[in-house]
Amino acid sequence: MQISAEAFGFAPFLAVAYALAVRNDAPTRAQLAAAAAALALLFFAFATELQQLATHTFLWAHLLQNVVLAEWAPALLVLALPARVGNRVRVPMLAALPVWVGTYAVWHLPWAYDYALRHQHSLLHVEHATYLLAGIALWWPVVHGRESAGAKAAYVFAAFVLASPIGLLLALIPRAIYSFYVHAPRTWGPRPLEDQQIAGVTMALEQAAVFFAVFAAYLLRFAREEQRDPELFGLELRREVLRRR
């Protein structure tokens, strides 16, 4: 079984960084669980058979690794930070979103994808590091930003709209576009075009589920805030009238 440097590089580094970040602000049990889940996901993606499949045989396995790095693990890591820690750093939405979408788009260009896979001991690690950093940037303003719930809902919806075409294109293009996987030796599983279609559909469905769930949560919070504000305004108005009497 092949084990990537990410398993023994990213995970220990992130564990140490997290411990240092929260040393003066004790995290809750839920936050500790989120941090542990993020590290477990990284180990699953890069220290199991999935790593062998991703770097030698199947596109769907590689895309699963990308999703872990760019979406799931970063979201859990950001959730794992106590509010006092997260509020010390400001990540503007207008900067984070294009960085994340651009990172996804560039690394999925066929020439970039194939070149990174053919240089797995150097460039592929850079690709994975940029996914992780871009993912942290994406989720930071959602969890720790000071924007309204409505702004966060719109931001998450925009992220889905801008990123989902990548998976849909992979599913709909009538030929396999990544030569590395076209020529990869395989004795079982889907053929290259089917592999690409499975990868694209899976990526699109995963993003639809994750981003819609977050979007719906913030949209509901926004609706509750809008319903509550008129009540607060009326209460303050009555207090002011009584005070002037």
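Considering only residues in region 53-81 that are at pLDDT 95 or above and assigned to a loop (DSSP other than H, G, I, E, B), the one that is nearest to Arg186 (Cα to Cα) turns out to be Phe58.
Only one of the numbered conditions (1) among the aliphatic types (A, V, I, L, M); (2) in contact with an Asp or Glu (Cβ under 8 Å, 6 or more places away or on another chain); (3) at pLDDT 95 or above is not met by Ala153, and that is (2).
Taking the criterion of being within 24 Å of Ala159 (Cα to Cα) and surrounded by 13 or more Cβ atoms within 10 Å (Cβ to Cβ), the residues of region 99-120 that qualify are Val99, Trp100, Val101, Gly102, Thr103, Tyr104, Ala105, Trp107, His108, Ala112, Tyr113. Taking (1) hydrophobic (A, V, I, L, M, F, W, C); (2) touching a Ser or Thr at 6+ places or on another chain (Cβ under 8 Å); (3) assigned to a helix (DSSP H, G or I); (4) in contact (Cβ under 8 Å) with a residue 60 or more places away in the chain in turn, Ala184 satisfies each apart from (3).
Only one of the numbered conditions (1) out of contact with any helix residue (DSSP H, G or I) (no Cβ under 8 Å at 6 or more places or on another chain); (2) at pLDDT 95 or above is not met by Gln197, and that is (1). The condition of being closer than 17 Å to Val142 by Cβ and of a type in the set (Val, Ile, Thr) holds for only one of Val214, Val182, that being Val214. Exactly one residue out of Leu123, Leu81 is without any contact (Cβ under 8 Å) to a residue 12 or more places away in the chain, more than 17 Å from Val210 (Cβ to Cβ) and touching a helix residue (DSSP H, G or I) at 6+ places or on another chain (Cβ under 8 Å): that is Leu123. Would it be correct to say that Ala134 is over 20 Å from Ala54 (Cα atoms), of a type in the set (A, V, I, L, M, F, W, C) and either at pLDDT 95 or above or crowded, with 16+ Cβ neighbours inside 10 Å (or both)? In short, yes. Just give me the residues in region 42-60 being surrounded by fewer than 18 Cβ atoms within 10 Å (Cβ to Cβ), farther than 16 Å from Val182 by Cβ and of a type outside the set (Val, Ile, Thr), in sequence order. If the condition is that a residue be surrounded by fewer than 18 Cβ atoms within 10 Å (Cβ to Cβ), farther than 16 Å from Val182 by Cβ and of a type outside the set (Val, Ile, Thr), then Phe43, Phe44, Ala47, Glu49, Gln52 are the ones that fit.
The values are calculated or read from the model by the stated rules, or taken from the named source; none is laboratory data. The shown structure was predicted, so the numbers you read here are calculated from the model rather than taken from an experiment. In this analysis, Cβ positions are derived from the backbone assuming ideal geometry, glycine residues included, and neighbour counts consider all displayed protein chains.
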